[in-house]
Amino acid sequence: MDYHSLITIEPDKRSGKPCIRGLRITVFDVLEYLASGMTTENILAEFPDLTREDIHACLAFAADRERQSLIHITKHYETAA
């Protein structure tokens, strides 16, 4: 999924944290809701401005960040060896 058009980072909004479509709902907020056991349907009911695609974009963004951090860690250990 190409999340780049849905996840925005603005320095003056939520301290520059990644947000959904310029809203004040962060990727971290959505991930935390999912981790606490809320379903996609629960989140959509609680936050009517969000869409199913927004939630998928949060997951894709988090997966991409995780992938990037693993690449960084691997490169660090390769250069240290």
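The values are calculated or read from the model by the stated rules, or taken from the named source; none is laboratory data. Just so you know, these numbers come straight off a predicted model, no measurement behind them. No Cβ is skipped: glycine too gets one built from the backbone with ideal geometry, and neighbour counts run over all protein chains shown.
Within the stretch 25-41, which residues are assigned to a loop (DSSP other than H, G, I, E, B) and under 13 Å from the mean Cα position of the chain (by Cα)?
Within the stretch 25-41, just Ile25 meets the criteria.
Let's see how each residue does on (1) among the polar types (S, T, N, Q); (2) at pLDDT below 95:
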position: Leu6; (1), (2): no, no
position: Asp12; (1), (2): no, yes
position: Met38; (1), (2): no, no
position: Thr51; (1), (2): yes, no
position: His56; (1), (2): no, no
position: Gln68; (1), (2): yes, yes
position: Thr74; (1), (2): yes, yes
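Scan (1) in contact with an Asp or Glu (Cβ under 9 Å, 6 or more places away or on another chain); (2) not in a helix (DSSP H, G or I) for the single condition Ser5 breaks and write down its number.
Ser5 satisfies all of (1) in contact with an Asp or Glu (Cβ under 9 Å, 6 or more places away or on another chain); (2) not in a helix (DSSP H, G or I) except (1).
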